[in-house]
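Contents: one structure, followed by commentary.
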Amino acid sequence: MTEHEPGPFRASREGRAWPTDRVAEARAVIADVAHHSDHLIRLACNVLTRHGETEEERRDARALLFVIDARCPARLRHAQRTDHDDAPEASR
């Protein structure tokens, strides 16, 4: 990823707002989803669900995020277990 100045919507070196750069990078990752890790796809989906131009793009990103998370159910169980301190520890 390219460097950007901290803070929301600050201009990048090319004069564009940084979310524009991140959305473009996220679209590139999604366009070539077969060659990227689930982690990077998950990040791209999160960017598009928040900053996508159309409702259809945001909805498609949420759907892909759902599919990626469904591929790794242990990740979801781990997140649920760590969210609740009073939950019993699951055996491995």
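Things to note:
- When L65, L76 are checked against the criterion of being touching a helix residue (DSSP H, G or I) at 6+ places or on another chain (Cβ under 7 Å), open to solvent by 80 Å² or more (accessible area, probe 1.4 Å) and modelled with pLDDT under 95, L76 stands alone in meeting it.
- Only one entry in R22, R27 is of a type outside the set (D, E), modelled with pLDDT of 95 or more and surrounded by 10 or more Cβ atoms within 10 Å (Cβ to Cβ), namely R27.
- The numbered conditions (1) modelled with pLDDT of 90 or more; (2) surrounded by 10 or more Cβ atoms within 10 Å (Cβ to Cβ) are all true for R16 except (1).
- Look at the stretch 34-58: where a residue is over 22 Å from R71 (Cβ atoms) and part of a helix (DSSP H, G or I) and a partner is β-branched (V, I, T) and open to solvent by less than 30 Å² (accessible area, probe 1.4 Å), sitting 6+ places away or on another chain with Cβ atoms under 7 Å, you get H51/V23.
The values are calculated or read from the model by the stated rules, or taken from the named source; none is laboratory data. Because the structure is predicted, anything quoted here is derived from the model rather than measured. Here the Cβ is made from the backbone with ideal geometry for all residues, glycine too, and neighbour counts use every protein chain on show. Protein only, heavy atoms only, side chains kept; ligands, DNA and RNA dropped before computing areas. Shrake-Rupley method; radii C 1.70, N 1.55, O 1.52, S 1.80 Å.
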